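This report refers to the structure that appears directly beneath it.
The values are calculated or read from the model by the stated rules, or taken from the named source; none is laboratory data. Since this is a predicted model, take the numbers as computed values, not measurements. Don't worry about glycine lacking a Cβ; one is built from the backbone with ideal geometry, like all the others, and counts go over all protein chains shown. Accessible surface is based on the protein model in full, side chains and every heavy atom, while ligands, DNA and RNA are left aside. Shrake-Rupley method; radii C 1.70, N 1.55, O 1.52, S 1.80 Å.
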Amino acid sequence: MARRGDGIYLRGGSWRLDCRINGQRHMVALGKGIKRSVAVELASIARSKILRGAAGIRKRKDVAFEKVKEAYVAWITTNCRPRTQRVYQQQLDQLARSFGGKLLSQISSFDIERHKHRRVEAGARVVANREVSRLGALFNVALKWELFEGTNPVVGVKRIEEPEGRLRFLAFAEEASLMKVSPAVLRDIIVIGTNTGLRIASEALTLTWTDVDFQRNQLTVQAAFAKAGETRSVPLNSRAREVLVRLKAQSRSLYVFAKPNGLPYRSMDKLLAKACEDAGLDGTGISLHTLRHTFASRLVMSGADLRTIQILGGWRDLSLVQRYSHLSPGHCQQAIERIVEEFPAKFPPMPETGAIVQLAERRVSM
């Protein structure tokens, strides 16, 4: 039975609390071998906890940055491609320099602004935006996994304005110079990159011979390696097919681009950098991604429509392809002229119209 007064009593050398709060009885062991004054203090704390629970007041879930970072790394290791894992890990390592040792609840928008400033001072202006976005993703998964209760401080943080990247593609003379000084494997990569638009590191170097269909004259980019996360088929033109047929005849590996030991290449960056240096093109902004830009640019200049280019290159958003449209000066003129070709006039022109138009054309051409 609940005791009167302060509700504490001694039994068998142990102090106990026996009380009713909001009509409900609570019995709590306070401790053994302690003084009554200490038991009174412990009873007060116990009552406070009971009252907070009854009022729906509880401690909000919180977690250390390092702990959720560890869980997030485990998730990306399972769900992301190796190259994406490396990029995310680099971003998280930089974030740990700013937020390590803090609980998520202690990270404020002002702290994030200080992180941005530190990275800009280090010359990582664009990378700073990627790191802030990664921090936002980390907060989102912490909320989703119920490790943290609070608000995402990244929401509302303004990103740093980024300069529009230069649209760099290979001129034919530059390509010829590179081909002249490149080793055989890099020459093949250049041909495949400029004729299929594959992303070299994630899509070309991960190609296996099961992805190449010579009968249908196409190759398949598996969803696991495609940036958009969707499987797509890319037709082979005669130039790309010639390279793949030759490589197939020589291959003893599962991978299309394999080292002599049969293992796939992980990167071609160093080989390309050396070739650019030997060709006198170092410092001109040529990278492996330039091959993909060259593919899209040449398609546009050959008259391909932007939607076709989007499908072939695996761009998720058409706006990413529209930046190439200016490379075809006659593109808009050709498009609007098709109205005349596809929808010829169904009524004869007035007799005097022809003479007037001819006279006007002569004046325009003068």
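Put simply, of VAL191, VAL234 the only residue that is in contact with a Leu (Cβ under 7 Å, 6 or more places away or on another chain) and open to solvent by less than 40 Å² (accessible area, probe 1.4 Å) is VAL234. Does any residue of region 195-207 turn out to be part of a loop (DSSP other than H, G, I, E, B), under 20 Å from SER287 (Cα atoms), open to solvent by less than 60 Å² (accessible area, probe 1.4 Å) and polar (S, T, N, Q)? Yes, because at least one residue in region 195-207 is part of a loop (DSSP other than H, G, I, E, B), under 20 Å from SER287 (Cα atoms), open to solvent by less than 60 Å² (accessible area, probe 1.4 Å) and polar (S, T, N, Q).
Let's see how each residue does on (1) modelled with pLDDT of 85 or more; (2) surrounded by 10 or more Cβ atoms within 10 Å (Cβ to Cβ); (3) under 30 Å from GLN222 (Cα atoms):
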{"residue": "LEU272", "(1), (2), (3)": "yes, yes, yes"}
{"residue": "ILE286", "(1), (2), (3)": "yes, yes, yes"}
{"residue": "LEU291", "(1), (2), (3)": "yes, yes, yes"}
{"residue": "ALA296", "(1), (2), (3)": "yes, yes, yes"}
{"residue": "ILE309", "(1), (2), (3)": "yes, yes, yes"}
{"residue": "LEU312", "(1), (2), (3)": "yes, yes, yes"}
{"residue": "GLN322", "(1), (2), (3)": "no, yes, yes"}
{"residue": "PRO329", "(1), (2), (3)": "no, no, no"}
{"residue": "PHE343", "(1), (2), (3)": "no, no, no"}
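Under the condition of being assigned to a loop (DSSP other than H, G, I, E, B) and open to solvent by less than 70 Å² (accessible area, probe 1.4 Å), which residue from region 56-67 is modelled with the lowest pLDDT? Looking at the filtered set, the residue picked out is GLY56. The single condition from (1) among the small types (Gly, Ala, Ser); (2) within 30 Å of VAL132 (Cβ to Cβ); (3) open to solvent by less than 20 Å² (accessible area, probe 1.4 Å); (4) not in a loop (DSSP other than H, G, I, E, B) that ALA240 fails is (2). Pairs are defined by a Cβ separation below 6 Å, a sequence spacing of at least 6 or placement on different chains, a first member in region 20-47 that is among the β-branched types (Val, Ile, Thr) and at pLDDT 85 or above, and a second member that is surrounded by 12 or more Cβ atoms within 10 Å (Cβ to Cβ) and not in a strand (DSSP E or B); the pairs so defined are VAL28/ALA46.
Can you confirm whether region 208-223 contains a residue that is more than 30 Å from PHE110 (Cα to Cα), in a helix (DSSP H, G or I), among the aliphatic types (A, V, I, L, M) and in contact (Cβ under 8 Å) with a residue 40 or more places away in the chain? No.
Listed by position, the helices (runs of 4 or more DSSP H) inside region 69-185 whose residues that are of a type in the set (Ser, Thr, Tyr), within 19 Å of the chain's Cα centre (by Cα) and surrounded by 12 or more Cβ atoms within 10 Å (Cβ to Cβ) number at least 2 are 82-99.
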